[in-house]
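Encoded as structure tokens, the structure appears first; notes follow it.
The values are calculated or read from the model by the stated rules, or taken from the named source; none is laboratory data. What you are looking at is a predicted structure, and each value in this text was computed from that prediction instead of being measured. For neighbour counting, all protein chains shown are included, and Cβ atoms are generated from backbone atoms with ideal geometry for every residue, glycine included.
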Amino acid sequence: MRLGKLSDCEAHLLTCLKEAAEDQKTKEVYLVGGCVRDKLLGDNTWDFDVSCPNAVLRALMSSVQSSLWKKKDTAPLEFVRELPPFTIHEYPSAGTDVFSFKLRHKDTKQPFKVDFRGLKEESVRSDALTRDFRLNAIYYSVVDDELVDPFNVG
């Protein structure tokens, strides 16, 4: 995998995201930001940013939660709670709604956070322009298992 070695929790979350993408019949589900940067640097990550088309945003999040719930007896992650949605007010992401939930590792209790937000103007390139650093604008396609680097940073 081009993201490097995944922890059991990271691999499980990716599996749930892939299943949710299939359920929602979309290929446009991306990890983006610090989680991609961390994996490229060989580090574990506990904060996942997921971007997808706005039309499937809430349904995708629900599908991931459902997938986590179905596998709760065998999965390394457990669902903790959904967080209140919030809207980003700073430029260039102003007006972007973010939906989140908390997970934790069953054994270590290490917390994980997953944020879902719609792709700005429904495109990776437009969305990347709203990221704070160019390195945080490298996307990982969950469905295609490949990096998407709209500005050729990597």
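For the range 15-31, give me each residue that is over 15 Å from Asp145 (Cβ atoms) and of a type in the set (A, V, I, L, M).
Within the range 15-31, Ala20 is the sole residue that qualifies.
How about the range 86-101: which of its residues are surrounded by 14 or more Cβ atoms within 10 Å (Cβ to Cβ) and outside any loop (DSSP other than H, G, I, E, B)?
Asp97, Val98, Phe99, Ser100, Phe101 - these are the residues of the range 86-101 that are surrounded by 14 or more Cβ atoms within 10 Å (Cβ to Cβ) and outside any loop (DSSP other than H, G, I, E, B).
How many residues are under 14 Å from the mean Cα position of the chain (by Cα), more than 23 Å from Ile88 (Cα to Cα) and either surrounded by 16 or more Cβ atoms within 10 Å (Cβ to Cβ) or among the charged types (D, E, K, R) (or both) if we restrict to the range 109-143?
The qualifying residues number 2.
Regarding Leu77, is this residue touching a residue at least 60 places away in the same chain (Cβ under 8 Å), among the aliphatic types (A, V, I, L, M) and surrounded by fewer than 20 Cβ atoms within 10 Å (Cβ to Cβ)?
Judged against the criteria, Leu77 is not a match.
Could you tell me how many of the residues in the range 25-67 are of a type outside the set (Val, Ile, Thr), in contact with a Cys (Cβ under 8 Å, 6 or more places away or on another chain), buried (at least 22 other Cβ atoms within 10 Å of the Cβ) and under 21 Å from Arg81 (Cα atoms)?
Selection size over the range 25-67: 3.
Restricting to the range 112-147, name every residue that is of a type in the set (A, V, I, L, M), closer than 18 Å to Arg58 by Cβ and at pLDDT 95 or above.
Val114, Val142
Scan the range 141-153 for residues that are under 13 Å from Val32 (Cβ atoms) and either in contact with a strand residue (DSSP E or B) (Cβ under 6 Å, 6 or more places away or on another chain) or in contact (Cβ under 8 Å) with a residue 24 or more places away in the chain (or both) and jot them down.
Result: Ser141, Val142, Leu147, Val148, Pro150.
I need the full set of residues from the range 111-140 which are outside any helix (DSSP H, G or I) and over 17 Å from Gly34 (Cβ atoms), in order please.
Those that are outside any helix (DSSP H, G or I) and over 17 Å from Gly34 (Cβ atoms): Gly118, Leu119, Ser123, Leu129.
If you take the residues in the range 1-24 that are out of contact with any helix residue (DSSP H, G or I) (no Cβ under 8 Å at 6 or more places or on another chain) and in a loop (DSSP other than H, G, I, E, B), which one is surrounded by the most Cβ atoms within 10 Å (Cβ to Cβ)?
Result: Ser7.
Restricting to the range 25-78, name every residue that is farther than 18 Å from Arg104 by Cα and in a strand (DSSP E or B).
Those that are farther than 18 Å from Arg104 by Cα and in a strand (DSSP E or B): Tyr30, Leu31, Val32, Ser51, Cys52.
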